[in-house]
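Read through the structure below, which is laid out as structure tokens, and then see the notes.
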Ligand code: ATR
């Protein structure tokens, strides 16, 4: 029987939370690494978020992940916000520090880059123009990750132009907003194409995009993971582009969180991938 001090508790706060794959992911690693601890789904209504976050310390939690709809709300509830999370404007991981204060992080940016490097180990964001479709929360984390990795030109296109313009303010000199109607021609000479929109997700229509202008050397990433092989990825793969599916980002964003909660840096294995795939 573990002593209370060595039993580490964490979980994911969301509303609803049943759809979150985090308990499967972290549960897999807890078992694999023989960690004495638990990872729980924690359904928390928006009006109870402040109480729940404050309660982490009292309950002896190491920290928690935060998912929809709390990623923005939790920013104001932690004592320290990591600079990356501050630029993204959202927190997906809260860590209870030794002194009892709460730190907010965002591991989505790390997870996105790691998923690209899983597929192409020498990927560098500065290797050529990048096209990003969409300007929601996921796009924001991805834009920050690519800027921090040295991107020189990001072509950002979104159905609602104003949201793309707003997002481009992070770094107007490196982010060029392209009208949604011009998205096909934005692919000319691109080194990376990323879909962050909901188009192509199960229950949604496929993304309306012609890949004709995209170089065959470009990587294509779709953050949709249900289905894993979206029509965009199938079309890109058929013409020879290297493809990255959305599961990689989901798996890799959990790595720094698990390390912070349990003190072990976990590995994203094929076995883990299969375990999470089985829940899709
Ligand atoms: P998330 O935070 O997960 O990124 P979101 O904020 O709802 O989710 O963003 C979803 C993205 O999909 C947005 O870029 C959205 O475009 P709008 O800003 O115009 O809403 C995009 N999207 C949703 N439906 C779309 C459609 N039918 N065609 C093109 N883009 C669409």
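Looking only at the range 129-143, decide whether some residue is assigned to a loop (DSSP other than H, G, I, E, B), within 16 Å of the ligand (Cβ to nearest atom) and crowded, with 16+ Cβ neighbours inside 10 Å.
yes
Listed residues 36, 6; which is over 18 Å from residue 104 (Cβ atoms), at pLDDT below 95 and in contact with a strand residue (DSSP E or B) (Cβ under 9 Å, 6 or more places away or on another chain)?
6 is the lone residue from the list that is over 18 Å from residue 104 (Cβ atoms), at pLDDT below 95 and in contact with a strand residue (DSSP E or B) (Cβ under 9 Å, 6 or more places away or on another chain).
Scan the range 163-187 for residues that are touching a residue at least 24 places away in the same chain (Cβ under 8 Å) and out of contact with any helix residue (DSSP H, G or I) (no Cβ under 7 Å at 6 or more places or on another chain) and jot them down.
Listed by number, the residues that qualify are 163, 164, 166, 182, 183, 184, 185, 186, 187.
Looking only at the range 69-90, decide whether some residue is surrounded by fewer than 20 Cβ atoms within 10 Å (Cβ to Cβ), within 16 Å of the ligand (Cβ to nearest atom) and under 26 Å from residue 279 (Cβ atoms).
Scanning the range 69-90, I find at least one residue that is surrounded by fewer than 20 Cβ atoms within 10 Å (Cβ to Cβ), within 16 Å of the ligand (Cβ to nearest atom) and under 26 Å from residue 279 (Cβ atoms), so the answer is yes.
When only residues in the range 146-162 that are touching a helix residue (DSSP H, G or I) at 6+ places or on another chain (Cβ under 6 Å) and within 8 Å of the ligand (Cβ to nearest atom) count, which is farthest from residue 219 (Cα to Cα)?
Here the answer is 159.
Among the listed residues 11, 63, 73, 37, which satisfies the condition of being touching a residue at least 60 places away in the same chain (Cβ under 8 Å) and within 19 Å of the chain's Cα centre (by Cα)?
The match here is 63.
Could you please let me know if residue 207 is touching a helix residue (DSSP H, G or I) at 6+ places or on another chain (Cβ under 6 Å), more than 22 Å from residue 111 (Cα to Cα) and modelled with pLDDT of 95 or more?
yes
Can you pull out every residue in the range 166-195 that is within 16 Å of the ligand (Cβ to nearest atom) and in a loop (DSSP other than H, G, I, E, B)?
169, 170, 183, 184, listed by residue number.
Only one of these conditions is not met by residue 228: (1) crowded, with 16+ Cβ neighbours inside 10 Å; (2) outside any helix (DSSP H, G or I); (3) more than 10 Å from the ligand (Cβ to nearest atom). Which number is it?
(1)
If I go through the range 208-221 residue by residue, how many of them are surrounded by 21 or more Cβ atoms within 10 Å (Cβ to Cβ) and within 12 Å of the ligand (Cβ to nearest atom)?
So the answer is 1.
Got a number for residues in the range 251-276 being within 14 Å of residue 94 (Cβ to Cβ) and loosely packed, with under 13 Cβ neighbours inside 10 Å?
So the answer is 0.
The values are calculated or read from the model by the stated rules, or taken from the named source; none is laboratory data. Computed from a prediction, not measured in an experiment: that's the story for all the values here. Using ideal geometry, Cβ is built from the backbone for each residue, glycine included, and neighbour counts are taken over all protein chains shown.
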